[in-house]
1. Residue check: is Ala7 touching a residue at least 60 places away in the same chain (Cβ under 8 Å), more than 25 Å from Asp177 (Cβ to Cβ), near the ligand (Cβ under 10 Å from one of its atoms) and surrounded by fewer than 20 Cβ atoms within 10 Å (Cβ to Cβ)?
2. Check region 18-31 and report whether any residue there is within 10 Å of the ligand (Cβ to nearest atom), in contact (Cβ under 8 Å) with a residue 12 or more places away in the chain, in contact with a Ser or Thr (Cβ under 7 Å, 6 or more places away or on another chain) and in a helix (DSSP H, G or I).
3. Within the group Ile106, Ile89, Ile125, which residue is within 15 Å of Phe28 (Cβ to Cβ) and among the aliphatic types (A, V, I, L, M)?
4. May I ask you to say which residue of Ala70, Ala52 is farther than 30 Å from Gln156 by Cα and at pLDDT 95 or above?
5. Pairs, please: C-beta under 6 Å, at least 6 apart or cross-chain, first residue closer than 17 Å to Phe181 by Cα and in region 90-113, second small (Gly, Ala, Ser) and surrounded by 16 or more Cβ atoms within 10 Å (Cβ to Cβ)?
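The values are calculated or read from the model by the stated rules, or taken from the named source; none is laboratory data. The structure presented is a predicted model; accordingly, all values stated were derived computationally and were not measured. Cβ placement follows ideal geometry from the backbone for every residue including glycine, while neighbour counts extend to all protein chains displayed.
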Amino acid sequence: MMDFELASDIKRRWDPRHISPPGRPDPFLVERVCDLRAGSVLDIACGTGRNALYLAGLEYDVTGVDISPAGLTQLKAAASARGLTVKTIEADLRQSRPWGQYNNGIIFNYLPPLSLLESLHEYVIPGGTLILCTFTTKNGERFNPSYCIEERAFAQGLPLFRLMHHSENMLDGRFRDGYVFRRT
Ligand SMILES: C[S@@+](CC[C@H](N)C(=O)[O-])C[C@H]1O[C@@H](n2cnc3c(N)ncnc32)[C@H](O)[C@@H]1O
């Protein structure tokens, strides 16, 4: 992803990909949901909200943030159809903003910009959980390397987060690293 890309261009790229209702929750989230604290969750780069909806269905108080209005529209429509409440924030994640503090954060299939990686602790309360799972450079050129993290990139934790669990997993034939962190 190019840092100089205009927000309007990112929306133009993602909106057409968010025309279908959300699918099933991510298997790594389903596997590790037991690590979440009760209460609130910020779903960072939520897309159409498959994970946000799953957690709302488990009675978490979920807020999804994404740059794509089309994704957030799908999320709100699906939540309403299921009788669930999910809050949404339309924002460019390259610009840190006061999105609030949550008991948990989740990030799936999105490589946060460095500025966000370094400030994730602002959005999760001490003792809270952060689950991050995304594609790795092990995929080589089969998958745009600028969307990928180095293998085990966060094995030493993140600023103010201690690593609780790490495992490699596959999604649609692509390698991913999944992490669970506890906020210190
Ligand atoms: C591959 S999708 C992942 C969606 C969701 N996390 C999931 O796993 O289903 C990546 C998401 O990142 C969002 N995104 C990309 N760049 C962004 C930015 N600068 N700010 C906010 N969201 C962004 C896109 O709109 C898209 O919804």
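1. Values: touching a residue at least 60 places away in the same chain (Cβ under 8 Å): yes; more than 25 Å from Asp177 (Cβ to Cβ): yes; near the ligand (Cβ under 10 Å from one of its atoms): yes; surrounded by fewer than 20 Cβ atoms within 10 Å (Cβ to Cβ): yes.
So Ala7 fits the description; yes.
2. yes
3. On the way: Ile89 fails: within 15 Å of Phe28 (Cβ to Cβ); Ile125 fails: within 15 Å of Phe28 (Cβ to Cβ).
When all the criteria are applied, what remains is Ile106.
4. Details: Ala52 fails: farther than 30 Å from Gln156 by Cα.
From the options Ala70, Ala52, the qualifying one is Ala70.
5. Tyr102/Ser40; Asn103/Ser40; Asn103/Gly128; Asn104/Gly128; Tyr110/Ala45
Matching residues to (1) part of a helix (DSSP H, G or I); (2) closer than 19 Å to Asp26 by Cβ; (3) of a type in the set (Ser, Thr, Tyr):
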{"site": "Asn51", "(1), (2), (3)": "yes, yes, no"}
{"site": "Tyr54", "(1), (2), (3)": "yes, yes, yes"}
{"site": "Glu59", "(1), (2), (3)": "no, yes, no"}
{"site": "Thr63", "(1), (2), (3)": "no, yes, yes"}
{"site": "Ala70", "(1), (2), (3)": "yes, no, no"}
{"site": "Thr73", "(1), (2), (3)": "yes, no, yes"}
{"site": "Ala79", "(1), (2), (3)": "yes, yes, no"}
{"site": "Leu84", "(1), (2), (3)": "no, yes, no"}
{"site": "Gln95", "(1), (2), (3)": "no, no, no"}
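So that you can scan it fast, the table gives a plain yes or no per residue for (1) over 23 Å from Asp172 (Cα atoms); (2) among the β-branched types (Val, Ile, Thr); (3) within 16 Å of the ligand (Cβ to nearest atom):
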site: Gln74; (1), (2), (3): no, no, yes
site: Ala79; (1), (2), (3): yes, no, yes
site: Tyr102; (1), (2), (3): yes, no, yes
site: Phe108; (1), (2), (3): no, no, yes
site: Leu114; (1), (2), (3): yes, no, yes
site: Ile125; (1), (2), (3): yes, yes, no
site: Glu141; (1), (2), (3): no, no, no
site: Cys148; (1), (2), (3): no, no, yes
site: Ala153; (1), (2), (3): no, no, no
